[in-house]
Amino acid sequence: MTEKRHFYALLLVLCLTTLPWLGRTHFYTKGEPREAVVAQTMLAQNNLVLPHNNGGEMAYKPPFFHWTIAVTSVLTGGRVTEWTARFPSALAAICLMMWMYVFYARRRDSATALLAILVCFTCFEVFRAAYACRVDMMLALFTTGAMFAFARWVECERRGIPWLAILMMSLGALTKGPVAILLPCGVTGLYMLVRRERLLPTVGWMVLSGAMSLVLPALWYYAAWQQGGDDFLALVREENVDRFLGKMTYRSHENGLWYYFVLLPAGLLPWIVPAVWVWWRNRYQATWPIRWRELSPETLYSALAFLVIFVFYCIPKSKRGVYLLPLYPFAAWFLAIALRSWSERVRRVVFSLAAVVWVVTFALVLPLIVNKKSDIDTASDIRRMNLNGPLLSHFQNNTPGNPMHFFTINFYLNDGVGTWTGQEKEGYILLNEREKEAFLESQKDYTFQLLYMSSHKSCDTHQRVCLYQFSPVRSCSK
């Protein structure tokens with residue numbers, strides 16, 4: 001009965017601390033509108049496979065996340081908004097927390113599981129990702145969910161085929177790529193071997209499960225290849241193979257091995273601090289078994305999952321804090337074990353305070369700060385000008401394979417910003433303030449008239465945005 005009460009209370013708290021606040025902030029970084037515009041163009045172009053956006057680009061990620069945004073938008077009025085674009089991430093965070101609670105509560109106890117959820121959800125990185133229109137929280141749900149499903153399957157002596165884990169890996173691959181298959185299979189295979197299960201059956205089960213989870217993604221990849229051809233295949237190779245091997249055509253968040261050793265503790269704030277303090281205070285007491293053979297199955301699986309995910313993401317040069325999201329539930333489990341020696345009264349006060357701080361931050365303080373950074377006002381100014389012609393953009397020395405755009409302006413103009421090719425006859429063009437002179441001097445066949453300059457620096461480029469009208473130079477006839 002206690003487990004049920006905790007379950008429904010937890011669900012209510014998670015919903016109240018996320019769903020009402022998703023639309024309070026405009027897009028203020030280029031990452032969110034870059035994903036949201038894909039769903040926007042899916043609906044506008046009636047193309048759920050491989051829509052083009054930002055002047056003709058293909059989406060860099062598989063489409064499941066964007067499908068969920070499109071469906072949410074259709075069900076709530078047919079228009080992609082900040083709320084509909086962020087709702088899938090919030091829903092994924094809620095589902096992940098609830099699944100995590102059920103997984104640990106049934107294997108340890110309800111109180112420790114609840115403590116782990118409260119730690120996990122209020123960690124800085126997880127709480128932030130739950131409010132963001134990015135694929136990473138949904139990937140974390142499917143990757144971690146597949147691991148939970150695999151762990152239960154192993155518990156049940158591998159009866160039948162692990163259909164739930166296969167489904168989760170399939171959806172994860174449709175969200176970001178094969179990494180959603182590699183990690184669950186790798187963690188579970190290692191867990192089975194540590195339990196002294198036979199090598200060949202273990203490898204066979206993981207290969208079979210991985211192969212079966214590729215069926216649904218393969219259908220989309222084939223359909224997308226039919227539309228995108230060799231350019232699509234090159235994009236897939238760069239995002240899934242070259243990124244891991246450090247052979248990308250452009251630099252993408254490249255950092256050294258040290259990076260995650262700093263970023264992970266930062267992402268676990270504020271709970272890493274009291275957990276380390278409690279551990280240090282009790283360092284001479286046996287608060288949990290030291291030898292891995294004495295660990296409970298759920299704790300052993302959690303330890304292996306944490307280590308495999310951490311090591312895996314340390315290998316590529318490309319490193320970002322959100323890549324580690326799938327390991328946060330397992331890290332939170334160990335933080336909860338360390339924190340459980342606190343008295344119940346201290347825990348209630350601390351977590352109540354944390355909930356209030358996070359909600360006040362995201363619902364009241366953050367909108368006041370970041371809404372001023374957003375380019376929504378610039379987009380609104382341009383829309384009111386009723387431009388009669390194509391609106392384009394140009395960036396000097398754009399990165400091959402990962403071109404820069406005015407992502408936020410483009411989203412708020414409904415994917416209305418194209419890319420300058422030099423073949424246009426007349427229209428309008430957006431330029432960065434510091435790049436405009438070089439561009440204008442290089443275009444001798446056009447005349448340009450400045451129509452507008454934004455009053456603040458763009459949240460995407462950190463420069464003021466200039467709008468010019470252009471037309472071909474008229475030759476003088478004798």
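Accessible surface of Thr17, taken over heavy atoms with a 1.4 Å probe and every protein chain present, rounds to 20 Å². Note that the chain presents 48 Å² accessible area per residue, ligands and nucleic acids not counted, probe 1.4 Å. Computed per residue of the chain from DSSP H runs no shorter than four, each worth -39500 (n - 2.57), the mean residue ellipticity at 222 nm is -17500 deg cm²/dmol. Measuring nothing but protein heavy atoms, the accessible surface of segment 177-233 at 1.4 Å probe radius is 71 percent carbon and sulfur. I'd like the FRET efficiency for Leu12 and Tyr222, computed as 1/(1 + (r/R0)^6) with the beta carbon distance as r and R0 of 35 Å, rounded to 0.05. Efficiency computed from Cβ-Cβ geometry: 0.25.
A quarter of the convex hull surface defined by the alpha-carbon atoms of the chain gives 26.2 nm² as the mean projection. Amide hydrogen proximity for Gly418: with H placed 1.01 Å from N in the peptide plane, the residues at 5 or more positions away or on another chain lying under 5 Å are Leu391, Leu392, Ser393.
Only Cα pairs under 8 Å and 6+ residues apart enter the sum, and on that basis the relative contact order of the chain stands at 19 percent. Note on Lys176: accessible area is roughly 40 Å² with a 1.4 Å probe, heavy atoms of protein only. Think of each Lys and Arg Cβ as +1 and each Asp and Glu Cβ as -1; about the Cα centre, that makes the dipole of segment 1-77 roughly 180 debye.
Taking every protein chain into account, the 1.4 Å probe leaves Glu157 with about 120 Å² of accessible area, to the nearest ten.
Of all aspartates and glutamates in the structure, those lying under 15 Å Cα to Cα from Lys4, and not within fewer than 8 positions of it along the same chain, are Asp109. Taking square-rooted eigenvalues a ≥ b ≥ c of the alpha carbon gyration tensor, is segment 129-283 rounded, prolate or oblate, where a/c under 1.5 means rounded and, failing that, a/b exceeding b/c means prolate? Oblate.
Per-residue extension of 0.36 nm, minus the Cα-Cα distance of Leu307 and Glu437, leaves a gain of 41.7 nm for this segment.
Across His66, His6, the residue with the most accessible area heads the list, and the full order at a 1.4 Å probe is His6, His66.
Mean sequence separation of contacting Cα pairs (under 8 Å, at least six apart), scaled by the length of segment 113-238, corresponds to a relative contact order of 21 percent.
Using each residue's phi in segment 417-427, evaluate 6.51 cos²θ - 1.76 cosθ + 1.60 at θ = phi - 60° and report the 3J(HN,Hα) Karplus result to the nearest Hz, with x for Gly and Pro. Once θ is set to phi - 60°, the couplings for segment 417-427 become 10, x, 10, 5, 10, x, 9, 6, 8, 7, x Hz. Taking the Cα centre of the chain as reference, the dipole from Cβ charges on Lys and Arg (+1) and Asp and Glu (-1) amounts to some 1400 debye. By the rule of a C-alpha distance below 16 Å, with chain neighbours fewer than 8 residues away ignored, the lysines paired with Lys436 are Lys444, Lys457. Computed packing ranks the peptides 90-100, 198-208 as 90-100, 198-208, most packed first, by mean other Cβ atoms within 10 Å. Put a dot 7 Å past the Cα of Asn398, heading toward its Cβ, do the same for Val71, and the two dots end up 3.3 nm apart.
Only helices reaching 30 angstrom along their own axis (Cα) with mean Kyte-Doolittle hydropathy no lower than -1.0 count here, and for the DSSP H runs of the chain these are 82-105.
Taking all Cα pairs closer than 8 Å and separated by 6 or more residues, the relative contact order of segment 61-181 comes to 29 percent. Using the Cβ-Cβ distance between Leu387 and Thr421 with R0 set to 22 Å, the FRET efficiency from 1/(1 + (r/R0)^6) comes to roughly 0.75. With 0.36 nm allotted per residue and the present C-alpha distance subtracted, the Val370-Asp231 stretch has 46.4 nm of extension available.
As a rough guide to protection, the peptides 50-58, 35-43 ranked by mean Cβ packing within 10 Å, highest first, stand as 35-43, 50-58. Judged by the ratio a/c of the largest to the smallest principal axis of the C-alpha gyration tensor, segment 55-172 counts as oblate, that ratio being 1.5 or greater while a/b is no larger than b/c. Within a straight-line Cα-Cα reach of under 15 Å, Lys425 can be paired with the following aspartates and glutamates, leaving aside sequence neighbours fewer than 8 residues apart in one chain: Asp445. The charge dipole of segment 28-152, taken about its Cα centre with unit charges on the Cβ atoms of Lys, Arg (+1), Asp and Glu (-1) only, comes to about 260 debye.
The values are calculated or read from the model by the stated rules, or taken from the named source; none is laboratory data. The structure presented is a predicted model; accordingly, all values stated were derived computationally and were not measured. Counting neighbours? That spans all protein chains shown, and the Cβs are built from the backbone with ideal geometry, glycine included. Please note that ligands, DNA and RNA were not included when accessible areas were found on the heavy atoms of the full protein model with its side chains. Shrake-Rupley method; radii C 1.70, N 1.55, O 1.52, S 1.80 Å.
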